[in-house]
Amino acid sequence: MNHSAAVPPEVTEDMRGMLADAGITDNADLVARIVATGIGLGMDRADRLDLKIASAALTEMRAAFHLFAPYEDLPKATIFGSARTLPDDALYRQASEVAAALAESGWLVVTGAGPGIMQAAAEGAGAHNSLGVSIRLPFEEKPNAIVGENARNVTMKYFFTRKLMLVKESKGFVCVPGGFGTLDEMFELLTLQQTGKADPMPIVLLDAPGGTFWSGLRRFVDDHLIPSGVISEGDFDRVVVTDSVESAVAALTGFYRNYDSLRWVGKRLVLRLKSEPTDAEVSALNAEFGALLADGRIERRGPLTIEREDDDRIELPRLVLRLNQFRVGELYRLIAAVNALDSAPAA
């Protein structure tokens, strides 16, 4: 039961005046909610440690939002991997090469800004195409020189705020073999995708040439997780396992060949595309993916009213459907089919 007291009306009124005096007009309701939450914590007599956690987390998120804001319109890929990988390791070269290829394709590369694979990716992408989100640890090295060179780095105290920013801003992910931290990040990506808590995005598990690290994980999935029923068959199909830099880059960039973005409008899911599908293609999509729908059909149409009001990608054609919420983890299959349509832009 929630025993938190409401912020008194007179305090709320004073708070609104304070925001107005500060010149805050955009999203003032959300800023007021943040301030009210802080006041509420004080009214709850939260202990000092709880207040320090809340304060530090919000401060770190503000710094990270500020770092990423100038690059909002550029596609980003986060590369995860071990801080212990040495420069003479084949994995180091793989990370550097995939980052260089992504940068060449117009993507920014985001890393944890440390040594090892993170350093390799930053070197490959170059200082002007790298962003870093480092962690403050007593035994960890400082942010590597690549991201530090242009101050394109923010340092976090907490892993949860760091992971938020490593995931929130990116449109694709590459996981290079690593330890507990890398596996934690990889499994969180899969969990977010499986549960529909994050928009579908490409996830690549990149190994060294001839390596078996990720294929071993696939065997574990096939031999244990699927037979025991703790995940669904096909859950692991949403990732690309490869030892090829070219295939890794193609998996990321190809995911957006035709698919642009999505938006929920009530119970309707809107898929924004780069090219308008034909009637025959829409019929074929309904035949293949009808089982994913709660009711109705996949329909081709223009932007919905609220999208027009928000000026939200209104120039793009759309597919609108009522997706069964229990099948949201399978949405990647529909996106793959959309990207493979004959009407899609050339790869």
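If you go through segment 154-188 one residue at a time, how many are in a loop (DSSP other than H, G, I, E, B) and farther than 24 Å from Lys52 by Cα?
Result for segment 154-188: 7.
So for segment 331-340 (the condition being among the small types (Gly, Ala, Ser) and either at positive phi or in contact with a Pro (Cβ under 9 Å, 6 or more places away or on another chain) (or both)), does at least one residue qualify?
No, segment 331-340 has no match at all.
Determine which single condition Thr191 fails, assuming it passes every other condition in (1) under 23 Å from the mean Cα position of the chain (by Cα); (2) touching a residue at least 12 places away in the same chain (Cβ under 8 Å); (3) part of a helix (DSSP H, G or I).
Checking Thr191 against (1) under 23 Å from the mean Cα position of the chain (by Cα); (2) touching a residue at least 12 places away in the same chain (Cβ under 8 Å); (3) part of a helix (DSSP H, G or I), the one that fails is (2).
Report every pair of residues separated by at least 6 positions or lying on different chains whose Cβ atoms are under 8 Å apart, first residue within segment 90-104 and aromatic (Phe, Trp, Tyr), second open to solvent by less than 30 Å² (accessible area, probe 1.4 Å) and part of a helix (DSSP H, G or I).
Partner pairs satisfying both residue conditions: Tyr92/Ile117; Tyr92/Ala120.
What tally of residues in segment 71-82 results from selecting those that are open to solvent by 50 Å² or more (accessible area, probe 1.4 Å) and either over 28 Å from Thr37 (Cα atoms) or touching a Gly at 6+ places or on another chain (Cβ under 7 Å) (or both)?
Here the count works out to 2.
For Ala46, are the conditions met, namely being at pLDDT 90 or above and assigned to a helix (DSSP H, G or I)?
no
Looking at the structure I just gave you, is Met156 in contact with a strand residue (DSSP E or B) (Cβ under 6 Å, 6 or more places away or on another chain), open to solvent by less than 60 Å² (accessible area, probe 1.4 Å) and more than 14 Å from Ile79 (Cα to Cα)? I'd like the intermediate steps shown before the answer.
Values: in contact with a strand residue (DSSP E or B) (Cβ under 6 Å, 6 or more places away or on another chain): yes; open to solvent by less than 60 Å² (accessible area, probe 1.4 Å): yes; more than 14 Å from Ile79 (Cα to Cα): yes.
Judged against the criteria, Met156 is a match.
Is at least one residue of segment 55-65 over 30 Å from Gly106 (Cβ atoms) and open to solvent by less than 60 Å² (accessible area, probe 1.4 Å)?
Within segment 55-65, the subset over 30 Å from Gly106 (Cβ atoms) is 55-59.
Filter once more, so that each one left must be open to solvent by less than 60 Å² (accessible area, probe 1.4 Å): 56-57.
Checked segment 55-65: at least one residue is over 30 Å from Gly106 (Cβ atoms) and open to solvent by less than 60 Å² (accessible area, probe 1.4 Å).
Is segment 93-103 home to any residue that is under 30 Å from Gly211 (Cβ atoms), out of contact with any Cys (no Cβ under 8 Å at 6 or more places or on another chain) and of a type in the set (Val, Ile, Thr)?
For segment 93-103, residues under 30 Å from Gly211 (Cβ atoms), out of contact with any Cys (no Cβ under 8 Å at 6 or more places or on another chain) and of a type in the set (Val, Ile, Thr): present.
Out of Leu316, Leu304, Leu341, I need the residue that is touching a helix residue (DSSP H, G or I) at 6+ places or on another chain (Cβ under 8 Å) and of a type outside the set (Gly, Ala, Ser). Which one?
The conditions single out Leu341.
Give me a count of the residues in segment 169-180 that are touching a residue at least 40 places away in the same chain (Cβ under 8 Å) and open to solvent by 20 Å² or more (accessible area, probe 1.4 Å).
Going through segment 169-180 one residue at a time, the tally reaches 3.
Find all pairs meeting these conditions: Cβ atoms under 9 angstrom apart; at least six residues apart or on different chains; first residue within segment 66-87 and assigned to a loop (DSSP other than H, G, I, E, B) and small (Gly, Ala, Ser); second residue loosely packed, with under 14 Cβ neighbours inside 10 Å and at pLDDT 95 or above.
Ser82/Gly179; Ala83/Gly179
Among the residues of segment 83-113, what is the count of those that are within 20 Å of the chain's Cα centre (by Cα) and either crowded, with 21+ Cβ neighbours inside 10 Å or acidic (Asp, Glu) (or both)?
11
The values are calculated or read from the model by the stated rules, or taken from the named source; none is laboratory data. This structure is a prediction, so every number in the text was calculated from the model and none was measured. FYI the Cβ positions are ideal-geometry reconstructions off the backbone, even for glycines, and counts take in every protein chain you see. The accessibility values were calculated without ligands, DNA or RNA, using every heavy atom of the protein model including side chains. Shrake-Rupley method; radii C 1.70, N 1.55, O 1.52, S 1.80 Å.
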